[in-house]
Amino acid sequence: MTRTLQERSPRRRTRLRGAVALGACAACLALALPTPAAAGDPSPGAPSPGAPGAGDPLFPRAGNGGYDVRNYDLSFDFTPGSYDFTGTMKISAVTTQALSSFHLDTDGHTIDRVTVDGRRAAFKLETGDGGEKAGTGQELVVTPAQPLRSGRHFEVTVAYHGNGKDPRTGAQGWSFISDGGFVSTVQATRADTFAPVNDTPSDKATWDFHLTAPKGWTAAANGKRTGKRRAGDTRTTWDFALDSPMAPELMGISVAKQTELRGKGPHGLPLRHYVPSGQVERYKPVVERTGGQIAWLEKQLGAKYPFDTYGVQIVKDGYDAALENQTLSVFSPNWFKDAEKNDKYTTTMVHELTHQWFGDSVTPSDWQQAWLNEGPAVYYAARWADDKGFQPIEEKMKEAYGKLDAVRKTDGPPGLPTELGGFNIYDGAAVVLYALSQETGEKTFDRIMRSWVTRHAHSNASSRDFIRNAVEVSGDPSLTTFLKHWLYDKDNPPMPGHPDWS
Ligand SMILES: [Zn+2]
């Protein structure tokens, strides 16, 4: 997401608060944690309950243990204005331990029926410990009729209903549009306010969506539209498929009075954008900038855009930030207020586009490593701003370097933030990348970044992986110590090439 608007949006920042306080030893602890998805016991022992959390340092109860989701298939029938919905979530998963029961994250839903492999399963709702602070709402605990052995494929189907404005245990991922529709903006841990999921970035899966709305409304979702069909006399169902794996935090579904605009990006990449109905003339020139931005980033990174479609969604109102929903970044209209006067708004578009490589394709193993998302997004947006003559990157980085020293002490260094949403993981992390580019030279730096997005495409990776990749690509083992100081120290290291910076 984009920090600049977060600053204008204290509400958003507040809802991301609630990280655990970090002691002196937390650094070693966090670094020693295994990837949560791999943390389950693979041995076929006696069945036991799956863990209620994925072990995220910032959101301990978000996500769950004991299984790995392969596909989500969500049917969601929404009535604008009243905000009532009914949903059916079919989850295909593989157990990573023998399971007597397992958890899903869900919040604000009435659960009507749960089956596992077609058989009725027992279930109960528990309030997640710490609620929002733990990064989760409620836990849906499912007990299958028969325990599940380890390494086994299974399918769980949850039928549920609710209302978008129902009270929930914490903040929610619904952004309400004044036309009576909504758009989902669920980062970091609120996909569970739309559907039962394993709400952790470490468990990525492919997705199918079937969104139903009354005629006259337009539904949108991540991935390619694969169908549009009648659902009775008055409703329409829109089908979408996302073939590349996605973490739940990047789910972007909406029903709104919106108009789809189609285009083509580099190499014939299909683009589809959504703008408020009646404002096509205003926003067409804005969304048409996307193809050029993709071409520019592909050149910077030396790597093709990672998915089979992209687009921007501009909502009429009800949302005041920008967010990198996978294949469909969503924007507040506030970004484009001066679009007729100057091009500076494109910097934010490039920020969210950069996330499609950093965050969406290469996803951090846990939320404490969010610098791997935001650092590159701020850094490449700064390169864009430099390229377009808005602001020299050196000036921006010098300013950020000056601020970062104090922020390290209050909010944690870029690699070990005490919460999400702060300067440390945005501009602070861009300063880390800038320092790396100054140390290695830009050519080597570009090779490091290209290797990163290629090697870890469509998977999870960690700060440790980033350091290892930098050393391997550059052939310079001293980068391990260099990057550890920049990522984890309480004070700024000196900036290479700029001894005068303080
Ligand atoms: Zn961002």
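Rg and Dmax in Å for the range 326-484, alpha carbons only: what are they?
Spelled out, the Cα radius of gyration and Dmax of the range 326-484 are 15.5, 49 Å.
What three numbers, in Å, describe the spread of the alpha carbons of the range 257-357 along their principal axes, ordered from the longest?
Largest first, the range 257-357 extends 36, 24, 22 Å along its Cα principal axes.
Regarding the range 53-186, what whole-number volume in Å³ per residue does the convex hull of its Cα atoms give? Mind showing how you got there, number by number?
On the way: hull volume 14.1 nm³, N = 134.
Dividing the Cα hull volume of the range 53-186 by its residues yields 105 Å³.
What percent of all Cα-Cα pairs in the chain falls into each 10 Å bin, going from 0 up to the bin containing the maximum distance?
Cα pair-distance distribution for the chain, in percent: 4, 20, 31, 27, 14, 4, 0, 0.
What value, in deg cm²/dmol to 500, does the helix sum -39500 (n - 2.57) over DSSP H runs of n ≥ 4 give at 222 nm once divided by the residues of the chain?
Details: 12 runs with 137 residues, N = 502.
After summing the helix terms and dividing by the residues of the chain, the value is -8500 deg cm²/dmol.
Per-residue HN-Hα couplings for the range 332-349, Karplus 6.51 cos²θ - 1.76 cosθ + 1.60 at θ = phi - 60°, whole Hz, x for Gly and Pro?
5, x, 4, 4, 10, 4, 9, 4, 6, 8, 8, 9, 4, 4, 5, 4, 5, 4
Beyond 28 Å between alpha-carbons counts as too far, so tell me which of LYS316/LYS341; LYS341/LYS403; LYS304/LYS490; LYS388/LYS490 fall in that bin.
Numbers: LYS316/LYS341 20 Å; LYS341/LYS403 31 Å; LYS304/LYS490 37 Å; LYS388/LYS490 34 Å.
Going by Cα-Cα distance, LYS341/LYS403; LYS304/LYS490; LYS388/LYS490 fall outside the 28 Å limit.
How far, in nm, would the chain grow between GLN279 and ARG450 when pulled straight, counting 0.36 nm per residue and subtracting the alpha carbon separation?
Numbers: separation 171, 0.36 × 171 = 61.56 nm, distance 3.77 nm.
Answer, rounded to one decimal: 57.8 nm.
Starting from the Cα of ARG113, move 7 Å in the Cα-to-Cβ direction to define the label point; list residues of the range 150-182 whose amide nitrogen is under 12 Å from there.
In the range 150-182, the label zone of ARG113 (backbone N under 12 Å from the point 7 Å along Cα→Cβ) covers 157-160.
For ASP166 paired with LYS388, estimate the spin-label separation in nm (one decimal), with each label point 7 Å from Cα along the Cα-to-Cβ line.
The modelled label-to-label distance comes out at 4.2 nm.
First measure r as the distance between the Cβ atoms of ALA159 and ASP317, then evaluate 1/(1 + (r/R0)^6) with R0 = 30 Å and state the FRET efficiency to the nearest 0.05.
On the way: r = 32 Å, r/R0 = 1.08.
My answer for the efficiency is 0.40.
Where does the charge balance sit around PRO270 when Lys and Arg score +1, Asp and Glu -1, over other residues with C-beta under 9 Å from its C-beta? If you can, show how the numbers build up before the last one.
Working: positive: LYS224, ARG262, LYS264, ARG272; negative: ASP308.
Net charge in that neighbourhood comes out at +3.
Below 8 Å between Cα atoms, with a sequence gap of 6+, how large is the relative contact order for the range 182-277 in percent?
Values: 187 pairs, mean separation 30.3, N = 96.
Reported relative contact order: 32 percent.
Less than 13 Å from a label point 7 Å out along the Cα-to-Cβ axis of SER478: which backbone N atoms in the range 433-453 qualify, by residue?
439-441
I want the local charge near ASP446. Using Cβ-Cβ distances under 13 Å, sum +1 for each Lys or Arg and -1 for each Asp or Glu among the other residues.
Values: positive: LYS299, ARG383, LYS443, ARG447, ARG450; negative: GLU298, GLU442.
Result for the local shell: +3.
Quick one: compute the contact order of the chain, relative version, from alpha carbon pairs under 8 angstrom and 6+ residues apart, as a percent. Don't skip to the end; give the middle numbers.
Numbers: 1198 pairs, mean separation 65.9, N = 502.
Here the relative contact order equals 13 percent.
Using Cα pairs closer than 8 Å and at least 6 residues apart in sequence, work out the relative contact order for the range 60-256, in percent.
Working: 556 pairs, mean separation 50.3, N = 197.
Relative contact order comes out at 26 percent.
No lab work stands behind these numbers, since they all come straight from the coordinates. Note that the structure is predicted; figures quoted are calculated from it, not measured. Cβ: placed from backbone, ideal geometry, glycine included. Neighbour counts: every protein chain shown.
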